[in-house]
Amino acid sequence: MKQIIKDDILNKSYTVFNHKSGLTVYMFKTPGFSSYHATFGTNYGSIDNVFSYNNESYEVPHGIAHFLEHKMFECEDGDAFLKFSKTGAYSNAYTS
């Protein structure tokens, strides 16, 4: 079910809904802008490295999120960020 939230601190409204995969999606519309921006956030990384599944606890090594971030954009035939930039896409990760 979609829900429209009015945030008085941001002075904006946004839409929240759950995707069939279980992912919670927050959509902000900015009138007058012609570009799109997507961000994915998750509780995984430096302080979130212990998880439970089927009543069993699992711990992953510190630094695994940073490692996976690099693996996600790795490609055999060059720098994935350069390929993105040729399409007009921009990533903050490219500058860091």
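The values are calculated or read from the model by the stated rules, or taken from the named source; none is laboratory data. Computed from a predicted structure; not experimentally measured. Glycine also receives a Cβ, built like all others from the backbone with ideal geometry; neighbour counts cover every protein chain displayed. Heavy atoms of the whole protein, side chains included, go into the accessibility calculation; ligands, DNA and RNA do not. Shrake-Rupley method; radii C 1.70, N 1.55, O 1.52, S 1.80 Å.
Remarks
- Check on Phe67, open to solvent by 90 Å² or more (accessible area, probe 1.4 Å) and closer than 20 Å to Lys12 by Cα: no
- Scope the stretch 1-46; condition of a type in the set (Lys, Arg) and farther than 28 Å from Met72 by Cα; matching residues: Lys2, Lys6, Lys12
- Leu10 being open to solvent by less than 80 Å² (accessible area, probe 1.4 Å) and either in contact with a strand residue (DSSP E or B) (Cβ under 9 Å, 6 or more places away or on another chain) or of a type outside the set (Gly, Ala, Ser) (or both): no
- Sole exception among (1) within 30 Å of Asp7 (Cα to Cα); (2) modelled with pLDDT under 85; (3) out of contact with any helix residue (DSSP H, G or I) (no Cβ under 9 Å at 6 or more places or on another chain) for Ser91, by number: (3)
- Filter result (open to solvent by 100 Å² or more (accessible area, probe 1.4 Å), in a loop (DSSP other than H, G, I, E, B) and within 27 Å of Gly88 (Cα to Cα)) within the stretch 14-62: Lys29, Pro31, Phe33, Ser34, Tyr36, His37, Thr39, Phe40
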